[in-house]
Amino acid sequence: MTTDRGPSPIDPDSAYSDASIYVDAEAAPRIMARLRDALGLVKDDRPELAIGPVRVTGGPNYYATGRRAHPFDFLEWPTALECEAHAGTPTEVVQAVAAVLEALWRSGFKALAACAFEDDLPARGGRDKYPYPAPAPDGDAAS
């Protein structure tokens, strides 16, 4: 007889323990509310969402400098969603982050994931949807 102890924890050093999703929109609470609706989640006042084994929180992107940048320079997008997995399998984590990305895209947001498993996500985490130009030979980004 086996004992079901619930989902097994993911090692905090695992490549699948976290992902950041940058969103080209202001107001993290509005984005989280749209995500909640798009994913059919129960409405509540908590600042986080649970999608499978992943907890999603939203806030300002502290990497953004406010400089004029290429429209696909995701590090300048104003909102960052942090996705943290403390349980589940790598496949479940990928599926949960993919669901968040696809819900954002369906809702009309530009969103791109930055994580160790980007290539396992739809559109390579958004890099195929929002390609950033390669740096010019002198090191400057193409305009």
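Each value in this text was obtained by applying a stated rule to the coordinates, not by laboratory testing. Here the structure is a predicted model, which means the values were calculated and not measured. Don't worry about glycine lacking a Cβ; one is built from the backbone with ideal geometry, like all the others, and counts go over all protein chains shown.
Before moving on, here are some points about what is shown:
- Residue 88 long-range amide H proximity, modeled H, under 5 Å: 8, 10
- With a simple spin-label model that places each label point 7 Å from the Cα along the Cα-to-Cβ direction, the separation between residue 124 and residue 57 comes to 3.1 nm.
- Net lengthening on full extension, residue 116/residue 44 (0.36 nm per residue, minus Cα-Cα): 22.8 nm
- Extension gain for residue 11-residue 84 works out to 25.1 nm (0.36 nm per residue, less the C-alpha to C-alpha distance).
- Each principal axis of the chain carries a Cα extent, and these read 65, 33, 24 Å when sorted largest first.
- Helices in the chain, meaning DSSP H runs of at least 4 residues, each add -39500 (n - 2.57). Divided by all residues, the mean residue ellipticity at 222 nm is -6500 deg cm²/dmol.
- Rounded tilt (10° steps) of 28-38 against the dominant C-alpha axis of the chain: 60 degrees
- Annotation for region 1-101: chymotrypsin sites (Phe, Trp or Tyr not before Pro) lying in DSSP loop with at most 14 further Cβ atoms inside 10 Å of their Cβ are 62, 63.
- Computed label-point distance, nm, for sites residue 20 and residue 132 using a 7 Å Cα→Cβ extension: 1.0 nm
- Remark: the Cα gyration tensor places region 45-104 in the prolate category, a/c being 1.5 or greater and a/b exceeding b/c.
- When +1 charges are put on Lys and Arg Cβ atoms and -1 charges on Asp and Glu Cβ atoms, the dipole computed for region 14-143 relative to its Cα centre reaches about 400 debye.
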